[in-house]
Amino acid sequence: MRHGWRWTGALLLAGALGWTGCGGDDNDTRKVDDPVVPVTPVDEDPRLPDAGTGEVDAGTGTDAGTQVPDAGTGTDAGTDAGTGTDAGTGTDTGTGTDAGTGTDAGVPEKVQTYPRPSAPGWTFYNQEQGAPRYVYGITADQGGNVWVAGGEEGLFLIKKGSNTIQRFTMSDGLRPYGRMRDGVGGPPAGMPYLKVISVAGGPDGTVFVGYAGKPPQPGMPTCEDEWDQAENAHREPDASVYKSGDADKVTLKADGSIDVVHYDIHTGPKKVKAELRGREKVCTIYRIAYDPAKEVVWFGGNHGFAMGDAKFNGIVPAYCWDPRPWNTEGFKWEFECAGLYEHVHPAISGSAGELLSDRYYGISITENHDVFFGGQIRSTRFRYGTNGDDYWTAQSETEDSGYDWNRFDIWPDAVPNYPTAAQRVDDNVSGMAPASNGGVWVGSFYYGLARLSANGTVETKVMQDLVNYTPAKGGTPAMAPTSAVATDPWDGSLWVGANWWGGITRLKGGGTVKYSGDVFGNVVTSVSSVSDIQFDRSAGKRRVLVSFEGTKNAKTGVVTPGLIGIYEGD
């Protein structure tokens, strides 16, 4: 696939050689132990987003599925890197520590207010200025408009040249759910769920918005598992769960309203050999990156990652909504129905043959339009540009046998293959940013930073220089929980957000600059993660966009609201 998108039969046939399916879900797959949360010297534990559950895909069986063009033909592209069935585990329904509003298990909320910070070069917004209680992400489009991911409160906007914050919700057109094959592409039945957790700026007035999947009822499968496990249980799947989440393209209109195009991140029937009824796996979108040169948008989610057509307008043929059973003669579904290709993962097998893949928070586009993706278990260089914009070949070079070298174990497990839970050292990648060596900087929710070469070799690791570094003590390892990284387009310095206990470290010219309680105040830096750092590249000068997520202590009910910071200094 070359520049732009060409939805043709020839393209799909050529792509068939590189498409591997994930198979079905035979049982409850939540068999992988949660990552160990170290004992910490503060009252709050350093948690992964999603309250530290750290569940990963843990399927069983074999993954023999392949991309099947149209009539179900095609070549079997292998066994998904030799791992088990890609059955899903029910990943989280959001990021960070947002426990919602109201009460948590009977504990009343107590909102902890703190003075809005004031520091040279910085402008801050909190709830008093109209910011959301929990701030999951921040970005700027090419026109300089600032967009904020506000969790269950929706999407927020600060127009260029304005200090006023606008809010958009489902009543304004946000669509955190897909369309049904009901003849018209209608919404799924059931109560919809809104939680905006990621944003990436696009063309002037446009932002790409990522959602969390809907939390299931107690004891029921998550949005990742509902489609498969309902089939196994011989019951009707809950479409309000399996069709929840995914992403939107939101464009600001002249009258101040928004136009919304939804990316329903799934694959329809008859395209994956082991999943002929269709696939519904990726639902929670942690990070998004837009490549304007290729006019594509990359989604990092639970289970795997996906690529969307940035020009997708949502207008699709009527056959996309065909309500007949998929095995009816003449039934048709093509990728133009979704405006995207999904999904890829640099997965490995655990000791019981379970597939390990989850939480792709890291996305970094390279100069040649390859894309580094970083996950909880492994990372990869998705060789999209290297292969002439051929998604399918790039997928093969991440997933297939013979490409172990392209599945990076940055903080190594005790054994390279088939680790037990005790042998795993999950990388827990939190973000990625370009490095000057042509490689990538990688942040970890636990282990600070690593710099990889262009081919994924670990060149250096950074922990002690970070603002929240905590040395080893007793049986507790040293750590520097990191939640966001971004490369400064003005001087190449690296901005590193602390997941706990700190603020921001800027690695610049061989030294460090630390922005901590003296800038942001001690309240927010002691308990809240820096959920996102991005740059407004339209400004003609440095303009750093920072979001503190905010948090709720589930035991005490104390809520520390989030914070937005914009820096325009040196």
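With a cut-off of at least 1 residues that are more than 24 Å from R287 (Cβ to Cβ), name the strands (runs of 3 or more DSSP E) lying wholly within the range 108-201.
Details: elements: 122-125, 137-140, 146-149, 155-158, 165-168, 196-201.
Fully inside the range 108-201 and qualifying: 122-125.
The one condition from (1) of a type in the set (A, V, I, L, M, F, W, C); (2) within 24 Å of Q166 (Cα to Cα); (3) open to solvent by 30 Å² or more (accessible area, probe 1.4 Å) that A293 does not meet is (2).
A Cβ distance below 6 Å, combined with a sequence gap of six or more or placement on separate chains, defines the contacts here; from the range 180-201, residues that are within 30 Å of S547 (Cα to Cα) reach residues that are at pLDDT below 95 and part of a loop (DSSP other than H, G, I, E, B) in the pairs K195/G94; I197/G94; I197/T95.
Of all residues assigned to the range 484-498, none qualifies as being open to solvent by less than 40 Å² (accessible area, probe 1.4 Å) and over 30 Å from N437 (Cα atoms). Restricting attention to the range 542-555 and to residues that are modelled with pLDDT of 95 or more and part of a loop (DSSP other than H, G, I, E, B), the residue that is nearest to N522 (Cα to Cα) turns out to be G550. Within the range 327-354, if we keep just the residues that are open to solvent by 10 Å² or more (accessible area, probe 1.4 Å) and acidic (D, E), the residue that is farthest from G178 (Cα to Cα) turns out to be E354.
Can you name every residue in the range 264-310 that is in contact with a Lys or Arg (Cβ under 7 Å, 6 or more places away or on another chain), in a strand (DSSP E or B) and closer than 27 Å to D322 by Cα? Listed by number, the residues that qualify are T267, V272. Tell me yes or no: at least one residue of the range 499-521 is modelled with pLDDT under 95 and aromatic (F, W, Y). The answer is yes; a qualifying residue exists. Here L449 qualifies as among the hydrophobic types (A, V, I, L, M, F, W, C), part of a strand (DSSP E or B) and crowded, with 23+ Cβ neighbours inside 10 Å.
Every test in (1) over 25 Å from V513 (Cβ atoms); (2) touching a Lys or Arg at 6+ places or on another chain (Cβ under 9 Å) is passed by F445 save one, and that test is (1). Remark: E342 matches the filter, which requires a residue to be over 21 Å from Q423 (Cα atoms) and either at pLDDT below 95 or assigned to a strand (DSSP E or B) (or both).
Put simply, of S547, S529 the only residue that is of a type in the set (S, T, Y), under 23 Å from S118 (Cα atoms) and open to solvent by 10 Å² or more (accessible area, probe 1.4 Å) is S529.
Conditions (1) under 18 Å from V371 (Cβ atoms); (2) open to solvent by 10 Å² or more (accessible area, probe 1.4 Å), marked per residue:
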| site | (1), (2) |
| --- | --- |
| Q423 | no, yes |
| D427 | yes, no |
| G431 | yes, no |
| A454 | yes, yes |
| M463 | no, yes |
| L466 | no, no |
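Step by step: first the residues of the range 476-527, then only those that are in contact (Cβ under 8 Å) with a residue 60 or more places away in the chain and assigned to a loop (DSSP other than H, G, I, E, B), then the one that is nearest to the chain's Cα centre (by Cα). Which residue is that? Only one residue fits best here, namely N499. Filter the range 187-220 down to the residues that are within 26 Å of W333 (Cα to Cα), open to solvent by less than 50 Å² (accessible area, probe 1.4 Å) and in contact with a helix residue (DSSP H, G or I) (Cβ under 8 Å, 6 or more places away or on another chain) and list them by number. Residues satisfying the conditions are P188, G213, K214.
Within the option set G388, G402, G353, being outside any helix (DSSP H, G or I) and free of Cβ contacts under 8 Å to residues at least 12 places away in the same chain holds for one residue only, G402.
Put simply, of A254, A274 the only residue that is over 25 Å from V241 (Cα atoms) and open to solvent by 10 Å² or more (accessible area, probe 1.4 Å) is A254. On the basis of being small (G, A, S), within 23 Å of R133 (Cβ to Cβ) and touching a Lys or Arg at 6+ places or on another chain (Cβ under 8 Å), does S244 make the cut? Considered against the rule, which asks whether it is small (G, A, S), within 23 Å of R133 (Cβ to Cβ) and touching a Lys or Arg at 6+ places or on another chain (Cβ under 8 Å), S244 comes out as yes. Among the residues of the range 366-418, those identified as under 28 Å from S483 (Cβ atoms), among the acidic types (D, E) and open to solvent by 10 Å² or more (accessible area, probe 1.4 Å) are E367, D409, D413.
The values are calculated or read from the model by the stated rules, or taken from the named source; none is laboratory data. All figures in this text were calculated on a predicted structure; none of them were measured in a lab. Ideal geometry is used to build each Cβ from the backbone, glycine not excepted, and the neighbour counts take in all protein chains shown. We work out accessible area using only protein heavy atoms, side chains counted, and drop any ligands, DNA or RNA first. Shrake-Rupley method; radii C 1.70, N 1.55, O 1.52, S 1.80 Å.
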